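The values are calculated or read from the model by the stated rules, or taken from the named source; none is laboratory data. What you see is a predicted model; the values in this text were computed from it and never measured. Here the Cβ is made from the backbone with ideal geometry for all residues, glycine too, and neighbour counts use every protein chain on show.
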Amino acid sequence: MTPRYALFNAREINHLIDDCTADQVIEMLQKKYHRYISNERFTDIEHYTQVIRFRMNHHFIEYYTEPSLVLLSYLMLSEMEIDNVINIIEGVRYHINPERIKSLLVY
């Protein structure tokens, strides 16, 4: 549906999977996606990649003119927003500290 652009080629992805630790993966993500992340330190790689995805899709909606890419970015952002709402509801239900809930949100 849309052309796929990736900053990692197949060789680099295989190297990340086979030979790298989580800290090395985060370091490579910082090098490749520096425009979408700030100097924050994250506790886990899943949250780190979700923040990159969120900011990339937000960037695509603001600056790209290809309709299919903008629509796909909107759908991905809306899915992330639903996940945020679910995390808030479950956090309140299970009496989790609001600071911990906030750390789980992607925005």
Unmet requirement for Val106, which otherwise passes all of (1) assigned to a helix (DSSP H, G or I); (2) surrounded by 10 or more Cβ atoms within 10 Å (Cβ to Cβ): (1)
Qualifying residue in region 11-27 (condition: of a type in the set (Lys, Arg) and either at pLDDT below 80 or surrounded by 10 or more Cβ atoms within 10 Å (Cβ to Cβ) (or both)): no
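Kindly indicate whether Arg100 is under 23 Å from Asn9 (Cα atoms) and basic (Lys, Arg). Before you say what the answer is, go through the steps one by one.
Numbers: under 23 Å from Asn9 (Cα atoms): no; basic (Lys, Arg): yes.
In short, no.
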Regarding Ile89, is this residue in a helix (DSSP H, G or I) and modelled with pLDDT of 90 or more? yes
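Is at least one residue of region 53-70 under 20 Å from Glu12 (Cβ atoms) and under 14 Å from the mean Cα position of the chain (by Cα)? Please lay out each step first, then the result.
Within region 53-70, the subset under 20 Å from Glu12 (Cβ atoms) is 53, 56.
This time we only want the ones that are under 14 Å from the mean Cα position of the chain (by Cα), so: 53, 56.
The answer is yes, given that some residue of region 53-70 is under 20 Å from Glu12 (Cβ atoms) and under 14 Å from the mean Cα position of the chain (by Cα).
Somewhere in region 56-63, is a residue among the hydroxyl-bearing types (Ser, Thr, Tyr), surrounded by 10 or more Cβ atoms within 10 Å (Cβ to Cβ), free of Cβ contacts under 8 Å to residues at least 12 places away in the same chain and more than 16 Å from Val106 (Cβ to Cβ)? Even if it seems obvious, please write down each step before you answer.
Pass one, region 56-63, residues among the hydroxyl-bearing types (Ser, Thr, Tyr): 63.
The next check asks that each one be surrounded by 10 or more Cβ atoms within 10 Å (Cβ to Cβ); those that pass are none.
For region 56-63, residues among the hydroxyl-bearing types (Ser, Thr, Tyr), surrounded by 10 or more Cβ atoms within 10 Å (Cβ to Cβ), free of Cβ contacts under 8 Å to residues at least 12 places away in the same chain and more than 16 Å from Val106 (Cβ to Cβ): absent.
When residues of region 15-55 are filtered for being closer than 17 Å to Glu81 by Cα and in contact (Cβ under 8 Å) with a residue 12 or more places away in the chain, how many remain? Give the derivation first.
First, pick out the residues of region 15-55 that are closer than 17 Å to Glu81 by Cα: 46-55.
Cutting the leftovers down to in contact (Cβ under 8 Å) with a residue 12 or more places away in the chain gives us 47-55.
So the answer is 9.
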Please specify each residue of region 56-86 satisfying the condition of being farther than 23 Å from His34 by Cβ and outside any helix (DSSP H, G or I). Thr65, Glu66
